[in-house]
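Each value in this text was obtained by applying a stated rule to the coordinates, not by laboratory testing. As the structure is a prediction and not an experimental result, all values here were calculated from the model. A quick note on method: Cβ atoms are made from the backbone with ideal geometry, for glycine too, and the neighbour counts reach across all protein chains shown.
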Amino acid sequence: MRLLVTGGAGFIGSNLIRAIIDRPELECLINLDCLSYAGNLASLRDVEGNAKHRFQKVDLRDKDALRSVVKNHAITHVIHLAAESHVDRSVAGPDDFIHTNVVGTFNLLEACRDEWTQNGALRDDCRFHHVSTDEVYGSLGASGQFIEESPFAPNSPYSASKASSDLLVRSYRQTYGMNTVVTNSSNNYGPFQHPEKLIPVVIQALANRAPIPVYGDGQNVRDWLHVTDHVDALWLVLNHGSAGETYNIGTRNERTNLSVVELLCDLFGELQPDARGDSRALISFVDDRPGHDRRYAIDASKIENELGWKPNADFRSTLRDTVQWYLTNQDWIFEVVKRSSR
């Protein structure tokens, strides 16, 4: 396997690379990242000296450079993680989301189609794994769960761009016969997540004794998935998922945003017992985000029943570990925040 991981310097990508780099079936792993505000090679110091790991600073929007990487490294498999992913940024400025998530995915599909076509047909032994989000399905009411056949109903420029890229991948399967798989996951958490996401935002506010912003009434519900469980699922689907299929990845771990924030406050108090005052007193409700989806919930029965995947992470203990990681790695956070402000 000659694997291309796009977005490998990001949150999920860096965790994925650390998890699989020593797999014996990997001949090489090409890590492609343009090192935008969300990408940081400091997240990959553990694998810097690994002979299998080769970094390529390339933007998905650069069609020619992308084709060169796929061709020159004779890529046989792709895990496509690279994307603009922060909903707030998509509301403020959607352009980059369309160009990176939609056009960038198209460019990558075309590069792979060109490299993998032999005698007029696409090779069956090459695979394109597109990693997406449950946000493409829109918002749920008080009951029910998203399944793979749920209709798309994106409510933000981010989720619309991901839904568009999901459909592009589907079209390359249907039109050209490309060996594709798609995964749609619930909210991830864990180490190396960009500080603008909810859980790192709360931890940093607690560390600085600053107000903790909570959108609206805090009752928006998310299904939380630890990044280590997610990367296990990604590797499983890459190797054993059925061609042309979509797999939803979630843990049935539904919690309101407010309950997660409150638990983070309590865990911070356990780890920093000398912190001044009641951490929950820092919670500050702010105006809700435009188009803020009320509830997500994933039915992961398909990946569980067909591929035998099960999540292993205990939410409270891994969330506590996440708090401790951020408190211990303030230098990493400072570097990421500094790069984001450029």
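Against the chain, whose longest principal axis is taken from its Cα atoms, helix 63-72 shows a tilt of about 70°.
Multiplying the residue separation of Cys28 and Asp288 by 0.36 nm and removing their Cα-Cα distance gives an extension gain of 89.1 nm.
Listed by chain and number, the lysines whose C-alpha is less than 24 Å from the C-alpha of Lys302, apart from same-chain residues fewer than 8 away, are Lys162, Lys310. Relative to the longest principal axis of the Cα atoms of the chain, helix 104-116 runs at roughly 30 degrees.
Of the residues Met1, Met178, the one with the fewest other Cβ atoms within 10 Å heads the list, and the complete ranking is Met1, Met178. Using alpha-carbon pairs under 8 Å, 6+ residues apart, how would you state the relative contact order of the chain in percent? After rounding, I find 18 percent. Note on the chain: GNM, Cα springs under 10 Å; of Ser139, Ser36, Ser156, the largest mean-square fluctuation is that of Ser36. Here the sum of -39500 (n - 2.57) over DSSP H runs of 4 or more residues, divided by the residues of the chain, equals -11500 deg cm²/dmol at 222 nm, to the nearest 500.
Once the Cα atoms are used to define both axes, helix 315-328 deviates from the longest principal axis of the chain by about 90 degrees.
What's the FRET efficiency of Asp95 with Asp64 using the Cβ-Cβ distance as r and R₀ = 30 Å, to the nearest 0.05? Taking R0 as 30 Å, the efficiency between Asp95 and Asp64 is 0.90.
Between Ser171 and Arg255, the FRET efficiency from the beta-carbon distance, with R0 = 35 Å, is close to 0.50. Were the residues from Asp266 through Ala207 laid out at 0.36 nm apart, the gain over their Cα-Cα distance would be 20.0 nm. A full extension of the chain between Arg316 and Arg123 corresponds to an added length of 65.1 nm, given 0.36 nm per residue minus the alpha carbon distance. In sequence order, segment 188-197 has phi-based couplings of 8, 8, x, x, 6, 7, 4, x, 8, 7 Hz under the Karplus curve 6.51 cos²θ - 1.76 cosθ + 1.60, θ = phi - 60°, and Gly or Pro positions carry x. Candidate cross-link partners of Lys71 among the lysines, defined by an alpha-carbon separation under 22 Å and a same-chain spacing of 8 or more, comprise Lys52, Lys57, Lys63. Computing mean projected area of the Cα convex hull in nm² for the structure here picks out one of (1) 20.3; (2) 18.4; (3) 16.7, namely (3).
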